[in-house]
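> Supplied in structure tokens, the structure appears directly below.
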Amino acid sequence: MSSSKFRFVVLSVVKHDYVPLSVAAHPRFEPVVVADDPDQPEWVHGRNEEFARRLGIPYVCDVERAIADFDVQVAVVSSQAERHCGLSVRAADAGLHIVQDKPMSTLISECDRVVEAVDRNHVKFLLWNRNFLPAMVQARETVKSGAIGQLQVIHVDFYFAKDAGPLKGTRKAGDPPIDWEKQQKEAHATGADGGVGQGPMGELQVEGIYPLAYIQMLTGSAVQRVFARTTSHFHQAHIDNGVEDLATVTLEMDRDIIGTLCIGRIGAASHPDTGEIKVHLLGSKGALVISEARPEIGIYYRGQPATEYRHQRVADDNNFLLPENLACAIDNDGDTILNARVGRAICATVQAAVESGRCGKPVEVR
Amino acid sequence: MTKLALIGGVEVAASYATAPARIPQVEFTAIVDRDPATARRTAGFLGAVTTVESLDSLLDRNSPAFNAVVIHGADEARVAMIERAAKAGKHVLVASPLAESVEAAERVIKTCRSSGVTLMVGHSQRFMPSHKAVKRALDSGKLGEPGLLRTHCWAGLADEPDATAIAMRQAVDGIDLAHWMFSGLPNRVYAVGRPGYAQVHLGFPNGGMALMDYAMSLPEGDGYSSLSMIGSTGAAYADDHHNRNLLLSGGIARAIDVGEGPFHLIAQLAEFVSAIEEGREPEITGDDGKAALQVAEAAVASLASQRALRLAGGSYELV
């Protein structure tokens, strides 16, 4: 494997700084500049500047100038969700390989732009995901080994035990609806700001990519049709903004594979740790039940704060293996574990599920 | 004292063995099984005196020996058996499902009512200790409003049934569980399946939802089940995955199920007997059994049409 370094630009880092930090921690990647568009609000510039300061690299309020002046080969995008694809397209058009935070987009048309730009410019695209978590690697290897025969059914239960502002039903008469962007900005401190942006996003749009990426990785199949139920069950912000925080989806996939996705931001009180995330697989010769959190340890002590997780994941190499995967793809002109086309397919599945939840009927995935 | 005749159910006979010790007002006095050897073996477990090959024989020869029947198995003749027992004045506990159709269920309910006997449907999942604990947490308000019931129920059956058969048999008990948890009927039903497998997706009027899958295609051996109830302010998880211990006997370690034992059948029987003695409706009535079948039939219609159904005017119609 090559040892040459890829210089990368961080195109906005208002959300999950673990994405650019993980890339920066990999020996094949070197962060050299943070950049964003000048017309962004002050809070965006503030977060970008703070991140740049932390890494000891410049912050440039001009994306194209930063790309041109700093001799970069890779862009890492972690902006507000509605800007993800626009920035990725610009990076691709500048000949950069791309690591993009999730979700890919809430619009299929935006995903199509990225697919086209990535293809046209022959660059690599990696959508951030969790497919290299140890338990998911085990799941993949077990399925691949044939231990359960031909995969026929897959279920992913993906419940994040995180709060998202005040509980449902707590808004007092006369109070205005909760402002989505404001609430997401306030949630940045706890890392519960996956939906940061002007447009509200339900849990399918914010987190659906993770479980749907598992399903795609383990089955290799595309989702053809969905039936979904969606509701705002937990949080006032979701009700006020007309988006779901709980959803169940029946998935009908090609090669006669059936699946389900259950997803929700169920509140911090509803699980002792980050949440209940499990994968159930049925094959022609057996079945497999995977707890995504393993391996983990338990730590309990007197005076332990209620906000501290009792169980901690260990030996989690996902955030190293993702940039490693990109480096290999670039070196060998191969594909990443979650490329633009798969990202687009996941977005289409999410959109179909949102539509099905609204109309109460099965919906074909476009 | 409630004197019981057990009809069929050789597979659960051992589970009932401790019933007389745990439910003092109960005794098994007769066993009905087509196979005399099986009947005698079952009688031995339960301390029953009389063994016969059919309910008709039992009623003809020794009707005073029992005042209630517990019906397991007997799928084809189930409805006829319930009606025969009811008309003879015997109270009935019948394992899920109540009947093979809503229409048959209505007939059975009517017969039992007009005969003045207690009819209880054995949707035994309600009586599993883990499920009762989840329901208690829900009823106490700790979990808030029920939002999502997610269940998996996997087993291995020699004759791998098709999705329709699974919906009308195995899934009925789970559908009743969903009604119990959400206190009502779903207003949306969607189902998909494949050989040996079915999944039922329900929507409830308050925005609640249930997603239940049944696989009858596992290799012979252990099965698997799990239940999660996600409420607006809390959640409960009852999962076989969590309740396994390790056996290391060379090769790959095995995960062995601790299990919940026969508590569900004993508790269900205790409720049946109490309802008889107190002259009240049991916890799970014939109408509950019929409601579960109604949703199961909607699931079958969904499987066949590949469309969802909605509840309109008390019945389900294709959307």
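Throughout, read-outs are computed from the coordinates displayed, never taken from laboratory work. Owing to the predicted nature of the structure, the values given are computational and were not obtained by experimental measurement. Neighbour counts run over all protein chains shown; Cβ positions are idealised from the backbone, glycine included.
> Based on other C-beta atoms within 10 Å, arrange A:Trp180, A:Trp128 from fewest to most.
On the way: A:Trp180 22, A:Trp128 26.
Going from sparsest to densest Cβ surroundings: A:Trp180, A:Trp128.
> Continuing with this model, one more query. Which net charge results for the neighbourhood of B:Ala105, defined as the other residues with beta-carbon distances under 11 angstrom from its beta-carbon, given Lys and Arg at +1 and Asp and Glu at -1?
Working: positive: B:Arg78, B:Arg107, B:Lys110, B:Lys290; negative: B:Glu100, B:Glu103, B:Glu106, B:Asp287, B:Asp288, B:Glu297.
Overall, the nearby charge balance is -2.
> Given H placed 1.01 Å from N in the peptide plane, which residues other than close sequence neighbours of A:Val99 have an amide H under 5 Å from its amide H?
A:Ala75, A:Val76, A:Val77, A:Leu126
> Given Cα pairs under 8 Å that are at least 6 residues apart, what percent is the relative contact order of chain B? Intermediate results must be reported in sequence, preceding the final value.
Numbers: 656 pairs, mean separation 59.2, N = 319.
It rounds to 19 percent for chain B.
> Using alpha carbons only, how many degrees (0 to 90, rounded to 10) separate the axis of helix B:78-87 from the longest principal axis of chain B?
The angle comes out at about 50 degrees.
> Size of chain B along its principal axes in angstrom, Cα-based, largest extent first?
60, 53, 40
> A follow-up question, please. So if we plug the beta-carbon distance of B:Arg136 and A:Asp39 into 1/(1 + (r/R0)^6) with R0 = 60 Å, what FRET efficiency do we get, rounded to 0.05?
Values: r = 56 Å, r/R0 = 0.93.
Efficiency at R0 = 60 Å is approximately 0.60.
> So, by mean Cβ neighbours within 10 angstrom, what's the order for A:64-71, A:196-203 with the highest one leading?
Working: A:64-71: 15.2, A:196-203: 22.0.
Going from most to least packed, we get A:196-203, A:64-71.
> OK, next. So, counting K/R as plus one and D/E as minus one, what does the shell of residues with Cβ under 14 Å around B:Met1 add up to?
So the surrounding residues net to -1.
> Any chance you could tell me what percent of the C-alpha pair distances in segment B:94-231 go past 23 Å?
Of all Cα-Cα distances in segment B:94-231, 39 percent exceed 23 Å.
> Here's something else I'd like to know. Residue by residue through A:251-259, how many Cβ atoms from other chains fall within 10 Å of the Cβ on average?
Values: counts 1, 2, 0, 0, 0, 2, 1, 8, 3.
That works out to 2 on average.
> How far is helix B:129-139 tilted, in degrees, relative to the longest principal axis of the Cα atoms in chain B, given as a value from 0 to 90 rounded to the nearest 10?
Compared with the principal axis, the helix lies near 60 degrees.
> Can you tell me how segment A:90-245 classifies by the Cα gyration tensor, rounded, prolate or oblate, using a/c under 1.5 as the rounded cut?
Working: a/c = 2.23, a/b = 1.38, b/c = 1.62.
Oblate is the answer for segment A:90-245, as a/c is 1.5 or above yet b/c matches or exceeds a/b.
> Tell me, what ³J(HN,Hα) does each residue in segment A:150-163 have, in order and in whole Hz, if you take phi through Karplus 6.51 cos²θ - 1.76 cosθ + 1.60 with θ = phi - 60° and put x for Gly and Pro?
Working through the residues one at a time gives 7, 5, 10, 9, 9, 10, 10, 9, 10, 10, 8, 8, 10, 8 Hz.
> Non-local amide H neighbours of A:Glu296 (under 5 Å, H modeled in plane, Pro and chain starts lacking H): which ones?
HN-HN under 5 Å from A:Glu296: A:Val314.
> Inside 10 Å of the C-beta atoms of A:229-237, what's the mean count of C-beta atoms belonging to other chains? Provide the component values of the computation, followed by the final result.
Details: counts 14, 3, 8, 1, 12, 7, 1, 0, 0.
Across A:229-237, the average partner-chain Cβ count within 10 Å equals 5.
> Could you sort out which of A:Lys144/A:Lys361; B:Lys90/B:Lys110; B:Lys142/B:Lys290; A:Lys124/A:Lys182; A:Lys102/A:Lys182 sit more than 26 Å apart by Cα distance in this structure?
Values: A:Lys144/A:Lys361 34 Å; B:Lys90/B:Lys110 15 Å; B:Lys142/B:Lys290 30 Å; A:Lys124/A:Lys182 34 Å; A:Lys102/A:Lys182 20 Å.
Cα-Cα > 26 Å for A:Lys144/A:Lys361; B:Lys142/B:Lys290; A:Lys124/A:Lys182; rest within.
> Can you give the FRET efficiency for A:Lys5 and A:Ser145, using 1/(1 + (r/R0)^6), R0 = 25 Å, r = Cβ-Cβ distance, to the nearest 0.05?
0.10
> Further question on the same structure: List the residues, sorted by chain then number, that are 5 or more residues from B:Phe28 or on another chain and whose placed amide H is less than 5 Å from its amide H.
When sequence neighbours closer than 5 places are left aside, the close amide H contacts are B:Leu4.
> Right, next: Do the sum for chain B: with -39,500 (n - 2.57) for every DSSP H run of n ≥ 4, divided by all residues, what is the mean residue ellipticity at 222 nm, to the nearest 500 deg cm²/dmol?
Calculated mean residue ellipticity at 222 nm is -11000 deg cm²/dmol.
> Further, regarding this structure: For segment B:127-279, what relative contact order do you get, as a whole percent, if you take Cα pairs closer than 8 Å and at least 6 residues apart? Please report the intermediate quantities before stating the final value.
Working: 268 pairs, mean separation 46.4, N = 153.
After rounding, I find 30 percent.
> Just tell me how shielded B:227-240 is by partners: mean number of partner chain Cβ atoms within 10 Å of each residue's Cβ, no decimals. Mind showing how you got there, number by number?
Working: counts 0, 7, 0, 12, 6, 11, 7, 5, 10, 1, 6, 0, 4, 1.
If you average over the peptide's residues, the count of other-chain Cβ atoms is 5.
> Over chain A, what is the relative contact order in percent, taking alpha-carbon pairs closer than 8 angstrom and at least six residues apart? Show your work: numbers first, answer last.
Numbers: 790 pairs, mean separation 74.8, N = 366.
20 percent.
> Let me ask you something else. Just A:Ile297, A:Ile108, A:Ile178 to compare: in a GNM of chain A, with alpha carbon springs under 10 Å, which one fluctuates most?
Highest fluctuation of the listed residues: A:Ile297.
> So, one more: Using the 10 angstrom Cβ neighbour count as an exposure proxy, how do B:Lys90, A:Lys361 rank, fewest first? Walk me through the numbers on the way to the answer.
Details: B:Lys90 24, A:Lys361 16.
Ordered by Cβ neighbours within 10 Å, fewest first: A:Lys361, B:Lys90.
> Separation between the B:Glu160 and A:Arg54 pseudo-spin-labels, each 7 Å from Cα along Cα→Cβ, expressed in nm?
5.1 nm
> Sticking with the crude label model, points 7 Å out along Cα→Cβ, report the distance from A:His188 to B:Ser63 in nm, one decimal please.
Once both label points are built, they end up 8.3 nm from each other.
> Next up: So what's the angle, to the nearest 10 degrees on a 0 to 90 scale, between helix B:263-278 and the longest Cα principal axis of chain B?
The helix B:263-278 is inclined about 60 degrees to chain B.
> Per 10 Å bin from zero, what fraction in whole % of the C-alpha pairs of the protein assembly as shown is there, up to the bin with the longest pair?
3, 14, 23, 23, 17, 10, 6, 4, 1, 0, 0
> A:Met136: net charge of surrounding residues, Cβ under 13 Å, Lys/Arg +1, Asp/Glu -1, itself excluded? Intermediate results must be reported in sequence, preceding the final value.
Working: positive: A:Arg130, A:Arg140, A:Lys144, A:Lys278, A:Arg294, A:Arg313; negative: A:Glu141, A:Glu292, A:Asp316, A:Asp317.
In short, +2.
> For B:Ser249 and B:Arg310, calculate 0.36 nm times their separation in residues minus their Cα-Cα distance, and state this gained length in nm to one decimal. Walk me through the numbers on the way to the answer.
Working: separation 61, 0.36 × 61 = 21.96 nm, distance 5.20 nm.
Working it through step by step, the gained length comes to 16.8 nm.
> Separate question: At 7 Å along the Cα-to-beta-carbon direction for both B:Asp35 and A:Asp69, put a label point, then send me their distance in nm to one decimal.
8.6 nm
> Rank these for me by crowding, B:Phe204, A:Phe125, going from fewest to most other beta carbons within 10 Å. Could the numbers behind the result be given before it?
Details: B:Phe204 24, A:Phe125 28.
So the ranking, lowest neighbour count to highest, is B:Phe204, A:Phe125.
> Return the single residue from A:Arg113, A:Arg302, A:Arg83 with maximal mean-square fluctuation; model: Gaussian network over chain A, springs between Cα atoms under 10 Å.
A:Arg302
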